[in-house]
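Heads up, the thing below is written out as structure tokens.
Every read-out reported here was derived from the displayed coordinates using simple, explicitly stated rules and does not represent laboratory data. Keep in mind that this is a model prediction, so the values were computed, not measured. Quick reminder, even Gly has a Cβ in these numbers, built from the backbone with ideal geometry, and neighbours come from all protein chains shown.
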Amino acid sequence: MHVCNISFQVDPAIEPIWVAWMQSNFIPKCIQTSCFNESKFYIIDVTADQYPTYTLQLFTLSKDKMEEYLSQHASPLLAEIPAQWGEQCYHFSTQMKIVN
């Protein structure tokens, strides 16, 4: 199984509306690409002096589907984040393969 992991640091001032936007807009758009069959959205435990940190994991059984997402969908989807939130939300992506 292949996983696209997108991590986010969010300004606390926008956190509640950002979470709602992720759940109603961004995550459904990722799933609508038909590249992924499952998603999981987490908040990471951080110290009180750090910005809220989240991660979105998007799962696919196929390396081809991951490559399709990366070549056709990732750039426009990820461009929505700074367009919507500017510097209030920092993100980066990694691709992983489940070992066990």
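For the range 34-82 versus the range 9-29, the spacing of their alpha-carbon centroids is 13 Å. All other residues whose Cβ lies under 15 angstrom from that of T33 are scored, Lys and Arg at +1 and Asp and Glu at -1, for a net of -3. Taking the chain as the reference, fit the longest principal axis to its C-alpha atoms, fit the long axis of helix 74-85 to the helix C-alpha atoms, and give the angle between the two in degrees, 0 to 90, nearest 10. In the chain, helix 74-85 runs at an angle near 10 degrees to the longest axis. Taking only alpha carbon atoms, the range 1-47 gives an Rg to Rh ratio of 0.99, where Rh is the Kirkwood radius.
Computed over the Cα atoms of the chain, pair by distinct pair, the Kirkwood hydrodynamic radius stands at 14.0 angstrom.
Each Lys and Arg Cβ is given +1 and each Asp and Glu Cβ -1; about its Cα centre, the range 2-97 then shows a dipole of about 340 debye.
Remark: T94, T33, T47 ranked as T47, T94, T33, counting other beta-carbon atoms within 10 Å and listing the fewest first. Farthest towards the positive end of the charge dipole of the chain, among the residues W85, S75, I31, is the Cα of I31, using unit charges on the Cβ of Lys, Arg, Asp and Glu.
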